[in-house]
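Colleague: My questions will all concern the structure given below.
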Amino acid sequence: MNNEIYTALLVSILGTGLVNFIFRTWISERIKNAIKNEYDQKLETHKAILKSQSDVEIERLKSQLALVGIEHQIRFSKLHEMRATVVADTYEKLRDLHHRLSEYIQIFEPAGGKPKDQRRQIAYESHESFRSYFQTKLIFFPKSTADKLEKINLDLVRAFNNFTFGVEMAPQMGGNSAEKWMEVFEAVTGEIKVALDEIEAEFRELLGEKS
């Protein structure tokens, strides 16, 4: 009888312990799941907030980049307009100088034309206009083009001086005016004309014309 009572008590104790273990395990799992669910929810909420903030920042950066692009385009457009104006004015003054110098040194003087001293003064004033203008605008030209402008300016000055002193003043200095005259004429209508055409081609490229 006592053995049966002990057995029953033992079974009851073991059963109660097993029940308590299972209950604690169940409670523990419930708590873990509750914590995990809460963590997952907070994580998703945090991800959503971060994504929203990221989207807002991306849109803000896109807007800034768009504004920068517009500002750059406007500045480039204005710079191109300024360069176009400088190129056009430089070309006009250079062509006028070459034309005035060609008139000054012309071999055959038509009847009723301007006298040589007047043509000399006009050529001189044309050169001063060209020189004073282009030398303050060299920044608008590529280095190679600026160098060519400097060179053609020197060539034109040399031709002007050679004609003034080598042709007009030749009788007083005992020189051969005819020979010097032809030398200057060939330089102005030959080498200088070729250099002028080369600069014109470079000006066209600067303005966007493709060869």
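Rule-based calculations on the coordinates, nothing more; no lab input. All of these numbers come straight from a predicted model, not from anything done at the bench. Cβ: placed from backbone, ideal geometry, glycine included. Neighbour counts: every protein chain shown.
Colleague: Could you list all residues from the range 110-124 that are in contact with a Lys or Arg (Cβ under 9 Å, 6 or more places away or on another chain) and over 22 Å from residue 199 (Cα atoms)?
Modeller: Across the range 110-124, the qualifying residues are 113, 119, 122.
Colleague: Would you confirm whether any residue within the range 169-185 is within 37 Å of the chain's Cα centre (by Cα), surrounded by 12 or more Cβ atoms within 10 Å (Cβ to Cβ) and hydrophobic (A, V, I, L, M, F, W, C)?
Modeller: no
Colleague: Could you grab me the full set of residues in the range 177-206 that are closer than 15 Å to residue 155 by Cα and touching a residue at least 40 places away in the same chain (Cβ under 8 Å)?
Modeller: Result: 184, 185, 188, 189, 192, 193, 195, 196, 198, 199.
Colleague: Just one of (1) among the charged types (D, E, K, R); (2) touching a helix residue (DSSP H, G or I) at 6+ places or on another chain (Cβ under 7 Å); (3) under 23 Å from residue 185 (Cβ atoms) trips up residue 137, so point out which.
Modeller: Here residue 137 meets the rest and fails (3).
Colleague: Please find, within the range 133-168, the residue that is surrounded by the fewest Cβ atoms within 10 Å (Cβ to Cβ) out of those that are part of a loop (DSSP other than H, G, I, E, B) and not basic (Lys, Arg).
Modeller: Out of the qualifying residues, it is 136.
Colleague: Still on this model: Among 90, 189, which is the only one that is over 24 Å from residue 209 (Cβ atoms) and polar (S, T, N, Q)?
Modeller: Being over 24 Å from residue 209 (Cβ atoms) and polar (S, T, N, Q) holds for just one of 90, 189, which is 189.
Colleague: For the range 99-132, how many residues meet the condition of being hydrophobic (A, V, I, L, M, F, W, C) and in a helix (DSSP H, G or I)? First the steps, then the outcome.
Modeller: Residues of the range 99-132 that are hydrophobic (A, V, I, L, M, F, W, C), as a first pass: 101, 105, 107-108, 111, 122-123, 130.
If we keep only those that are in a helix (DSSP H, G or I) as well, we get 101, 122-123, 130.
So the count comes out to 4.
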